[in-house]
Amino acid sequence: MRRAILFALSLPLFFAASADAASKPSAGVTPDMVQAGSDITGKFTAPHPGYDYDKKVVMVPMRDGVKLNTVILIPKGAKGLPILLERTPYNARSFVDDKPHMRDAARGGQREWVDDGYIIVYQDIRGKNGSQGGFVMTRPPMGPLNPSKTDDTTDAYDTIAWLVKNLAASNGRVGMIGSSYDGWAVAMALLDPHPALKVAVPESPMIDGWMGDDWFHNGAFRQNSLEYYLGQTTKPGRGEAIPRDGADDYQNYLEAGSAGAYAEMYGFKQLPWWNRVAGHPAYDAFWQLQALDKLVAAHPSNVPTLWLQGLWDQEDMYGAITTWEALKAAGHGANNHLVMGPWFHSQIGRTADSLGPLKWNGDTAADFRKNVLLPFFNTYLKDRATAPLPDAMIYNASEKRWDNFTDWPVAAKQALKPLYLSGGFGLGFAKPAAGEDSYISDPAKPVPFLAPPVDFSDHKRWTTWLVEDQRAAATRPDVLVYQTPVLTEAVRVQGAPIADLLLKTTGSDADFVVKIIDVYPPSYAEQPDLAGYQLPVSLDIFRGRYRHGFDKPEAIPAGEVQEYKFRLPTMNYVFKPGHRIMVQIQSSLFPLYDRNPQTFVPNIFFAKPSDFQKATMTVEYGVSAVLLPVVK
């Protein structure tokens, strides 16, 4: 015990001596060597010697106090330059590379604007990445679906107001551009544009997710949307991915059963957006009140606008042309123009000298950006007089050239020409004798949209699936194939074809896919790999329950002939002599589109395994046809 007491009494002396020693620097230690606080500054401004631009990252305030992350690139010494604005959910900071030259730092598809002298601005939309606030998928305009006092129209307005006030290097004029979701943001800005917004280009914009853009086509659900929902709505930045066990999405979705079963297997009930989509399988008020083609036509702007999309856009083929048509029908065609190029989704911002096996005469996207798009912006942002744009510019893929139209479609004022299905699986413009052809559609063996294995993350196959050779589908017993004799004269089609099928089914619901195909000659010296190729030039799907109205799902009476009439994607195409025209008809396009159980159920998302039944589809030829906008 005495030792313990002596040890305890010695402790204060020990610690005092230790503290005194620590307070005195060891020999050779100077004050600059001594650690003080944290080595993480939390703030660093790079000097960027030799950079030809200044980069600013600012939080721009909106009218409700929410601040949006905004990245601004300004050429050094700039004065009186216009602003090019893109609003995005895809991380504005990732749009800029840390490069000494602004033309290398900005997105490749905007290099022409950098070279011409523009301030480039990228902004995260509300609730995404660096921006404050809550994210709502394609947030509806203020109104019944959005009771708040802000939307992407007000956010664009407030952003432009801030930019023209605070960027001394600008000339006070702004142009907006963007593709896909970013194109949707451009369209939203047009509902009530700021006076400084002088020109706009929505590229492949998401306009109506139910009718024909990302989420559905004519009521059939696009299952690859599920990956997008998870990635966009689980985190402000890049979200979660579906943890698949199998590498083949054809098999993954088939084994899951319905799209709803697949979604709920992976926890999608936690996602508000999925719950809204799954609760509204028909075209009800939820979809109708946010259809931008109707809203833009009802609230037209005076901003010169170019509506742009690809002829083989695998994601948003519906929005641009439909909105342009709605504006034109409402008497606002003067300041609105349509462009359709030989591109997949958003290829306008990339290299576009080819599309799958199809080869063009040079880089069609770069040439268009340089010769048409940039001059269109400069007309209104730099007062540079250029030749006015035509009503429409549509690429002619068969003749590899741009066609300009003062009125589109050319065939609008004349009757569409029926191309009839006929006996012996023929196809022709002369009305044939009536008859029937049948096939059995089995939901257990749906027709693939790509030859399995299917990987939705395979960008190359996904972007080019609409030009995939259809010979594999043509060999299936559940695909009806009709074709013309070898053409002796060219058939020129300009406009949107209409599928007009009369058929009956042994089930009580069904989907129908119609494809218009250019069949190349069996020998093709110009490009041997296209010999015999079956090139789809227009195709789409239709959910049979909506034959009497997209907001009125109805069971199909078994064994009774019904008419299914629906629009196919727009064409500007020439079927050349030596080729054939083919039409294929089938009842699935899987796993891109969810399977129809072929038994009527209230909500196909949640069809049970027992609902999926084989059905015999019987097409009435002699009266069924594809109505083509043929011109001389």
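The values are calculated or read from the model by the stated rules, or taken from the named source; none is laboratory data. As the structure is a computational prediction, the values presented were derived from the model and not from experiment. Reconstructed Cβ throughout: ideal geometry from the backbone, glycine too, with neighbour counts over all protein chains shown.
Details
- Which listed residue is in the same structural domain as residue 319 (by TED's automatic domain parsing) and either in contact with a helix residue (DSSP H, G or I) (Cβ under 7 Å, 6 or more places away or on another chain) or closer than 22 Å to residue 189 by Cβ (or both), from 281, 300: 300
- Each residue in the range 94-116 was checked for being surrounded by fewer than 16 Cβ atoms within 10 Å (Cβ to Cβ) and farther than 12 Å from residue 73 by Cβ, and 4 pass.
- Applying the criterion of being without any contact (Cβ under 8 Å) to a residue 40 or more places away in the chain and more than 14 Å from the chain's Cα centre (by Cα) to the residues of the range 190-233, the residue that is farthest from residue 159 (Cα to Cα) is 231.
- Candidates 189, 168 - the one that is of a type outside the set (Asp, Glu) and surrounded by 21 or more Cβ atoms within 10 Å (Cβ to Cβ): 189
- Of all residues in the range 237-268, those satisfying the criterion of being in a loop (DSSP other than H, G, I, E, B), farther than 16 Å from residue 588 by Cβ and either assigned by TED's automatic domain parsing to the domain that holds residue 462 or not basic (Lys, Arg) (or both) are 237, 239, 240, 241, 242, 243, 245, 246, 247, 248, 266, 267.
- Of the helices (runs of 4 or more DSSP H) lying entirely inside the range 149-236, those carrying at least 2 residues that are within 26 Å of residue 267 (Cα to Cα) and of a type in the set (S, T, N, Q) are 225-233.
- A single entry from 418, 485, 497 fulfils the requirement of being surrounded by fewer than 16 Cβ atoms within 10 Å (Cβ to Cβ), within 20 Å of residue 574 (Cα to Cα), at pLDDT 95 or above and not assigned by TED's automatic domain parsing to the domain that holds residue 312: 485.
- Residue 137 outside any loop (DSSP other than H, G, I, E, B) and either within 26 Å of residue 235 (Cα to Cα) or free of Cβ contacts under 8 Å to residues at least 60 places away in the same chain (or both): no
- Flag if residue 59 is out of contact with any helix residue (DSSP H, G or I) (no Cβ under 9 Å at 6 or more places or on another chain), at pLDDT 55 or above and surrounded by 10 or more Cβ atoms within 10 Å (Cβ to Cβ): yes
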